[in-house]
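Beneath this line is the structure, given in structure tokens, with notes to follow.
Nothing in this text is a laboratory measurement; each read-out follows from the coordinates by a stated rule. These numbers come from a predicted model, not from an experiment. We place every Cβ from the backbone using ideal geometry, glycine too, and count neighbours over all the protein chains shown.
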Amino acid sequence: MEMIELENVTKIYRMGEVEVYALNGVTISIKQGEMLSIVGTSGSGKSTLLDVLGCLDRPTSGKYFLDGVDVSRLNDNRLAELRSKKFGFVFQDFNLLTRASALANVELPLVYSGGRYKHIKAMEALERVGLGKRAKHKPTELSGGEQQRVAIARALVNSPSLILADEPTGNLDSASSEEIIAIFQQLHKEGITVAIVTHEADIAAKTQRVIRLHDGKVASDGKAGSQ
Amino acid sequence: MKFFESLSIAIRSLFSNKMRSVLTMLGIIIGVGAVIAIMAGGRGMENAVTSTLEDLGTDVLYVQPVNPDAPGAAGMAPGYAGANLTLADSEAIARIPGVLGVAPTNENFVEITYGSETLNSVIEGSTAEFQVMSNYELASGQFITERHVASRDSVVVLGSTTAENLFGDEDPLGQRVKINDKRFTVVGVLATKGGSMFGFSMDEIVVVPITTYQTRLFTQRTPSGEDAVQSIGVLVAGPEQMDNVRADIETTLIKRHRIDEGDKNDFAIVSMDQMIGIFSQITGVVSIFLAAIASIGLLVASIGIMNIMLVSVTERTREIGIRKAVGAKRRDILLQFLIEAAALSLVGGAAGIVFGWLLSLAISFISTLAGFPLQASLSPVHIFIAVGVSLVIGLASGIYPAMRAARLNPIDALHYG
């Protein structure tokens, strides 16, 4: 069964008098366990697609089925619950709370989803990305690659079905980038669905499926290297 | 999310910005402190007046002139009441069964001089009964006698503080003093009594015969041309006689003043309990009025909190976005910022109570040094009100910024800055 199905999704931003179609009739489906990349020039709508997929934003029109349920019209609180249970986000500029320790950052989703053993779950997630020893450090005391690994641990901690990464290597050197991609590949092997927005061809080449957007439309969708 | 987690997030964020938090709280601290100090001072003044009045004895009625045209208690205000009681009224009251004695009394401020010493004092023009009715003991000499009153003698009895300030170690008995440039002979000195009335010590008085007061010092006449009396103290035989005596005084004065049936009386009969009630009311109203002025400071403080919370929301837009992305709901964010505002003002309020308490100690100390003994006293009710008010201020000034934070769209918040 398809985990995600987008049907003719549009997202329109209004800039004064002008309407901008960030997404213009996108229809795609994603299966459980896939690893895919979303590519395109800047302004092609790839980040907007990721926001819509992650329920950070609602489509202007069209339907979004998540596990068979149309989530495009859910209210803010239901979307917040979905974000907390189904999705993990990784951003280009990490988006960590700078004054909190790595461990506290990883615990953050657990604070909002409730449940017990926050420390233990958060430590497990940090160990999965190889940062168990840096748990007490603040983001400012960590390298860019380490910060991004903390962000991945935070995305993992609630056992999401889908990890959404927006240019996760955009601020990293090539060595750190490779580490991060390796972690994503490892997660993919463990059965987690991973979607990465990127404009770097070599990263896209490492995913099984590449969706290319152009002017808010799907220009191509297929195996890596087949475009 | 649990309340305590919101609380710990809020407190951590206040701690991470200590300087700003303290400056914001300063407004609340000063506001609450000022209100607390004023209320404590007012209560202290009320206690002082009440205990002084109670000390005067409770089997006493006071007859006072009233302006019948004035509404309510305003007609009793000094200077407004008019002059309509006389010594003859006083003598008529003295003949009522159940009355042990009457003390017609006039009161004013005078300058009293001995040698090179001059001081200001309260003067009481009265009769022998004044001593009993006001619970004064004699330290030396004698009090005003009926003879002094009858022959309008220029004699004076000094309060203990007045005597000490004028004469020091010298024996005042038989000495001549000048009261408003008129010569008087000291015939007695009162023992120290303690207590004060609106800041005037009960030991800083001088007493002269009422007849002398009327003829030599302050002449005030009733419309019919007799010498006026400001108030008549009536000593009643016992509490069970109070109602009868009160009724008889009223009948007597209505007849003597020729008040027609249906017209308002031009006098009032007040018991000590009523006096205490009136004075508590006056001090209560005054301190509430002052506290209301001081609470303008609280309004300013609350604007300060709202301002800082708005700045904080703007500054932490990205943080809010992150929290929303990982699953925070609107009410989680709302709660976080509300608790932050409430914590700011509650901590500020608590510090304000301590500040106000110190301030009221300082007031007591300074007023005692200045010769007006006043024991400022802080009641649990004041503390309760202060805490409640600061909580309300925190919530009221935090709600708008918190709602702005809660309504932020996660996307806009994440891509901010």
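Annotations for the structure displayed:
- Shielding by other protein chains, A:107-115, mean Cβ within 10 Å: 5
- The modelled label-to-label distance for the pair B:L299/B:R221, using points 7 Å beyond Cα in the direction of Cβ, is 5.2 nm.
- Förster radius 60 Å - calculated FRET efficiency between B:R176 and B:R256 (Cβ-Cβ, nearest 0.05): 0.95
- Cβ crowding within 10 Å averaged over residues, with B:295-303, B:8-16 ranked highest first: B:295-303, B:8-16
- A Förster radius of 60 Å, combined with the Cβ-Cβ distance separating B:A139 from A:K136, puts the computed FRET efficiency at roughly 0.15.
- Selected from A:G62, A:A182, A:A151, residue furthest toward positive end of dipole (chain A; charges at beta carbon): A:A151
- Additional length obtainable on full extension of the chain from B:L361 to B:I11, 0.36 nm per residue less Cα span: 122.8 nm
- Segment B:85-256, dipole about Cα centre (Lys/Arg Cβ +1, Asp/Glu Cβ -1), debye to the nearest 20: 560 debye
- Partner shielding of A:51-59 amounts to 3, given as the average count of beta-carbon atoms from other chains within 10 Å of each residue beta-carbon.
- DSSP finds beta bridges in segment B:85-256, and of those with both partners inside it, around 80 percent are antiparallel.
- Between 0 and 90 degrees, the angle of helix B:3-15 with respect to the longest Cα principal axis of chain B falls at about 80 degrees.
- Acute angle (nearest 10 degrees) that the helix A:118-128 long axis makes with the longest principal axis of chain A, alpha-carbon atoms: 80 degrees
- The length gained on full extension between B:A150 and B:K264, counted as 0.36 nm times the residue separation minus their Cα-Cα distance, comes to 37.7 nm.
- Helical runs (DSSP H, four residues minimum) scored at -39500 (n - 2.57) apiece and divided by the length of chain B put the mean residue ellipticity at 222 nm at -17500 deg cm²/dmol.
- Neighbours of B:V99, meaning other residues whose beta-carbon lies under 12 angstrom from its beta-carbon, give a summed charge of -2 when Lys and Arg score +1 and Asp and Glu score -1.
- Straight-line cross-link reach from B:K264 at under 16 Å between alpha-carbon atoms covers these aspartates and glutamates, not counting any fewer than eight positions away in the same chain: B:D69, B:E250.
- DSSP bridge orientation in the protein assembly as shown - percent antiparallel, rounded to nearest 5: 70 percent
- Set of aspartates and glutamates with alpha-carbon distance to B:K329 below 12 Å, sequence-local pairs under 8 removed: A:D76, A:E81
- Ordering of B:126-139, B:241-254 by packing [mean C-beta count within 10 Å, highest first]: B:126-139, B:241-254
- Among the residues of B:179-189, the average count of other protein chain beta-carbon atoms within 10 Å of the residue beta-carbon is 0.
- Farthest toward the positive end of the dipole of chain B, out of B:L85, B:L414, B:L26, is the Cα of B:L414, where the dipole comes from beta carbon charges about the Cα centre.
- Ordering B:V311, B:Q64, B:F372 by the projection of their Cα atoms onto the charge dipole of chain B, which places +1 on the Cβ of Lys and Arg and -1 on the Cβ of Asp and Glu, puts B:V311 at the extreme positive end.
- Flagged links, alpha-carbon separation over 31 Å, of A:K11/A:K31; A:K46/A:K189; A:K63/A:K136; A:K11/A:K133: A:K63/A:K136; A:K11/A:K133
- Taking the longest Cα principal axis of chain B as reference, the axis of helix B:272-315 is set at about 20 degrees.
- Chain A - mean residue ellipticity at 222 nm from DSSP helices (-39,500 (n - 2.57) per run, n ≥ 4, rounded to 500): -10000 deg cm²/dmol
- Pairwise Cα inverse-distance average, inverted: Kirkwood Rh of the protein assembly as shown (Å): 31.8 Å
- FRET efficiency for the pair B:F200 and A:R99, taken as 1/(1 + (r/R0)^6) with r the Cβ-Cβ distance and R0 = 56 Å, rounds to 0.40.
- Pairs of C-alpha atoms in chain B farther apart than 43 Å represent 37 percent of all such pairs.
- Qualifying GluC sites (Glu not before Pro) in segment A:3-99, DSSP loop, other Cβ atoms within 10 Å at most 16: A:E17
- Listed peptides A:69-75, A:167-173, B:43-49, B:256-262 by packing density, highest first (mean Cβ within 10 Å): B:43-49, A:167-173, A:69-75, B:256-262
- Simple spin-label estimate for B:N108 and A:D76 in nanometres, 7 Å along Cα-Cβ: 7.5 nm
- In plain terms, the bigger the Kirkwood radius, the slower the diffusion; for segment B:85-256, with that radius from Cα pairs, at 37 °C and 0.692 mPa s, Stokes-Einstein puts D at 197 µm²/s.
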